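The values are calculated or read from the model by the stated rules, or taken from the named source; none is laboratory data. In this text the structure is predicted, and so the values were computed from the model without any measurement. Don't worry about glycine lacking a Cβ; one is built from the backbone with ideal geometry, like all the others, and counts go over all protein chains shown. Ligands, DNA and RNA are stripped out before the accessible areas are found, and what is left, the full protein with its side chains, is counted by its heavy atoms. Shrake-Rupley method; radii C 1.70, N 1.55, O 1.52, S 1.80 Å.
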Amino acid sequence: MDLLQAMNQRHSVRSYTERPIEGKTKEELLAFLARCGRESGLRLRLVLDEPAAFDGFMAHYGKFSGVRNYIMLAGEKGSGLDEKCGYYGEKIVLFAQTLGLNTCWVALTYSKGKAALRLDKGEKLCLVIAIGFGQTGGVPHKSKERARVMDVQGTPPDWFIRGIDAALLAPTAMNQQKFVFSLKDNVVTAKPGLGFYSKVDLGIAKYHFELGAGTENFRWG
């Protein structure tokens, strides 16, 4: 499975089996996390067989069950942290899908007090990603029409449309899809809307856009 296939097949999963993440799957996932950490400067940690962070009221309210593994995303506080966590977190999510793992972005439903990561001064825990072998593969989310998330003059090139379609497959908080992609010449600008975790969502959507459009066809503005 390549990343484009993973992007189309991946859906949020909230219920997991007890099957552990181990062997080659665990090794490849840890190696990828290390690589993303080096590239981004983020603190990325895989926590295995530890259900405590999801064992609370909000986890039950969020209809999570069987979550024993999760990935923590943290970094230095700053205006770019949320978008960076979204971008690199989605890289990890889609890579996990190629390994046969299921995932779900988690914002408000885990217990920060029980999360197993000690932060340094000036660092912030952005969010976590539940990961494991799902009881199902999840279901697709509803998407907005293309015109509502793009701002272009005239007929956009095919690569831009492919990028928009990919961005609309991106998971967003409350399925808001509050982002807009603009095009001028071969320069693409992406802006977040107003809403919970909109900057995280923008980072996720930008990674999807890159996969769909092809980074050789444009540059970010």
Label model pair A107, Q176: point-to-point distance (7 angstrom along the Cα→beta-carbon line) in nm is 0.5
Too long for a 26 Å Cα-Cα cut-off, among K124/K191; K24/K121; K26/K178; K77/K178; K124/K178; K77/K191, are K24/K121; K26/K178
Helix 23-40: inclination vs the chain longest Cα principal axis, degrees, rounded to 10, gives 50
With all protein chains present, the chain has a carbon and sulfur share of its accessible area (1.4 Å probe) in percent of 49
The answer for K144, listing residues at least 5 apart or on another chain whose modeled amide H is closer than 5 Å to its amide H, is none
The Kirkwood hydrodynamic radius of the chain, taken as the inverse of the mean 1/r over all distinct Cα pairs, in Å, comes to 17.8
With the 1.4 Å probe rolled over protein heavy atoms, the range 26-79 has an accessible area per residue in Å² of 56
The simple spin-label model distance between D49 and E76, using points 7 Å out along Cα→Cβ, in nm, is 3.6
Accessible-area order for W159, W220, largest to smallest, probe 1.4 angstrom, reads W220, W159
Computed on Cα atoms only, the convex hull of the range 89-211 has an orientation-averaged projected area in nm² of 9.5
E216 and V139 label points (each 7 Å along its Cα→Cβ direction) are spaced in nm at 4.0
